[in-house]
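What follows is a set of notes on a single structure, which appears directly below.
The values are calculated or read from the model by the stated rules, or taken from the named source; none is laboratory data. Not measured: the values here are computed from a predicted model. Here Cβ is always computed from backbone atoms with ideal geometry, including for glycine, and neighbour counts include all displayed protein chains.
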Amino acid sequence: MKRLLVMCEGSNEKKIMDILLEHSCLTFSEDDLLGLSIFHARQIKNNAQVKLELNMFPGEVEVLVDAIKQYQKLKGKAHGKDEFCLAELLR
Amino acid sequence: MKILKVIASGFKNCADNFEVSYIPTARKTAEDKEYELQEIADGLYVFSTIGVVGKNASGKTSVLDLLSVCYDILGTFRVNKKEYSLDGDKLTIYFYHEGNIYKYQTKLKEDEISDKVLFADQKITYKKYYKTNVNSIFDEEGYEEYPLEGELPEDTSSVFFVMKKLGRRAFYYGSFDLGYGIYKAAFMAQRIIDMPDRVLMNIIRIFDENITSLKMVDDSNFKLTSCGKTEILSDKELYSRLSNGTTKGLLLYTLVVLTLLEGDDLIIDEVENHFHKTLVENIISLYKDKSVNKYNSTLVFSTHYCELLDLFGRQDNIYITKADKKVNIHNMYKDYDVRSELLKSKQFYNNVFETAVNYEALMSLKKELK
């Protein structure tokens, strides 16, 4: 089964995402996540914990970078193809 | 209570002022604080994991033995004689406990009659921990003598006056074979924390999916259900029935659960022994994940498997041991100039730390066999 790797660049973003996840406000659940966690990581290659989790999981991983991008959308800024808007993830 | 630093002189074959620190010295990034470090007091961080690497017979186990003795002192205030001599060893242990930094110094002396080790020349000093002094916690300045409220038997450390109560501080999973007793040890560990049977079964399922139930009947008999068949087996029979990896994994993972739930530290000698690399990675990841490691447990392990070090986000929690006339310990961050973006394992194979296996010795053996 495919797992989601969700990475937040900042600790505040991660905290917000953790709260949303805990209260089932997101389109995915803890069970869908790689390592059952949202990660505080800027880049896969520079984060040892993300590398550990990727090493352990043998299946396909979909990567979602930086969970909080809604402010960019509100300001009309484009975001990268693997970035996402929080609004799109809310149930 | 958390150990911050240990300094030993005369311990086994280690050089004098042999030092192991749990305190980070390199820059702490926000990601490090999330995974690599634990905040035990405001601004005071210790490592989530510590790795010890080196050649065979370089002194890795000596580092773990030293820490084990220190945990004994801080937990039970007593040390039993070991298979190696502790006579004349001098120890200095810095530890954090309830808002204070303590510095405990003693000289060990083996009792001629009992199996106990006696404590001589004991001294405890302490100072209040303030965030503003986080960079000078080991400086002599500010330490004052801790008042000792009475006298204790010689085989009891005066750390008792600080800690007041007996307590486990760490578990040591050595590379020695526990034999049939390993199952009893695992179930005893399960009972300490009242670990539900389903958690134990989760552990067993990691190693052997055919087993659906394992229960302790008495100290040396166990009820095993495997492939739909239930049997009562003695520990000896169980030892021959289960694989070596399942047997060792049962105890190790039970200790992992126990230490994570209780906030104790876990010391593992040669973590890769008998286990798939993924299992070792899983153990490391559990100690780094604060949603699991909620009570500041630290994993200290030795390994020959230097690829594991690529999974460390820092360098200052990696120690390299080398044996010449004496065992010396080096910190990867303090003692080597290794660029952080380079793979640590590659540096090992490039012999940057002088830990490579002696190639000439290997070829010499091959030549003999030709």
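Details
- Test result for B:Tyr146, of a type in the set (Ser, Thr, Tyr) and crowded, with 18+ Cβ neighbours inside 10 Å: yes
- Of everything listed in (1) over 27 Å from the mean Cα position of the chain (by Cα); (2) touching a residue at least 24 places away in the same chain (Cβ under 8 Å), the single unmet condition for B:Val134 is (1).
- Filtering region B:216-249 to residues that are among the small types (Gly, Ala, Ser) and assigned to a helix (DSSP H, G or I) leaves B:Ser240, B:Gly245, B:Gly249.
- Among the residues of region B:278-318, just one is of a type in the set (Ser, Thr, Tyr), part of a strand (DSSP E or B) and buried (at least 24 other Cβ atoms within 10 Å of the Cβ), namely B:Ser302.
- Only a single item in (1) loosely packed, with under 14 Cβ neighbours inside 10 Å; (2) within 11 Å of chain B (Cβ to nearest Cβ); (3) not basic (Lys, Arg) is not met by A:Gln49, and it is number (1).
- Taking first residues from region A:52-63 that are within 14 Å of chain B (Cβ to nearest Cβ) and over 19 Å from B:Gly313 (Cα atoms) and partners that are in a helix (DSSP H, G or I) and modelled with pLDDT of 90 or more, the Cβ contacts under 8 Å between residues at least 6 apart in sequence or on separate chains come to A:Phe57/A:Leu34; A:Phe57/A:Gly35.
- One residue from B:Lys277, B:Lys288 being modelled with pLDDT of 95 or more and at the interface with another protein chain (Cβ under 10 Å from one of its Cβ atoms): B:Lys288
- Residues located in region B:6-42, provided they are among the hydroxyl-bearing types (Ser, Thr, Tyr) and within 14 Å of another protein chain (Cβ to nearest Cβ): B:Thr29, B:Tyr35
- For B:Ser340: the one exception among (1) closer than 15 Å to B:Val52 by Cβ; (2) not in a helix (DSSP H, G or I): (1)
- Selected residue (only one of B:Leu86, B:Leu91, B:Leu74 is hydrophobic (A, V, I, L, M, F, W, C), part of a helix (DSSP H, G or I) and at negative phi): B:Leu74
- When B:Asn282 is tested against (1) of a type outside the set (Val, Ile, Thr); (2) within 14 Å of another protein chain (Cβ to nearest Cβ); (3) touching a residue at least 60 places away in the same chain (Cβ under 8 Å), exactly one condition is not met: (3).
- Criterion applied to B:Lys103, B:Lys127, B:Lys116, B:Lys109 was being surrounded by 16 or more Cβ atoms within 10 Å (Cβ to Cβ) and in contact with a helix residue (DSSP H, G or I) (Cβ under 9 Å, 6 or more places away or on another chain), and the one residue passing it is B:Lys127.
- Some residue of region A:56-74 being out of contact with any Cys (no Cβ under 9 Å at 6 or more places or on another chain), among the acidic types (Asp, Glu), modelled with pLDDT under 90 and surrounded by 12 or more Cβ atoms within 10 Å (Cβ to Cβ): yes
- Selection within region A:11-35 - within 8 Å of chain B (Cβ to nearest Cβ) and more than 11 Å from the chain's Cα centre (by Cα): A:Ser11, A:Gly35
- Within region B:23-61, the set of residues being of a type in the set (Gly, Ala, Ser) and farther than 18 Å from B:Met332 by Cβ comprises B:Ala30, B:Ala41, B:Gly43, B:Ala57.
- All positions within region B:250-277 that are free of Cβ contacts under 8 Å to residues at least 40 places away in the same chain and assigned to a loop (DSSP other than H, G, I, E, B): B:Gly263, B:Val271, B:Glu272, B:His274, B:Phe275, B:His276
- The number of residues in region B:345-370 being touching a residue at least 60 places away in the same chain (Cβ under 8 Å) and assigned to a helix (DSSP H, G or I) comes to 1.
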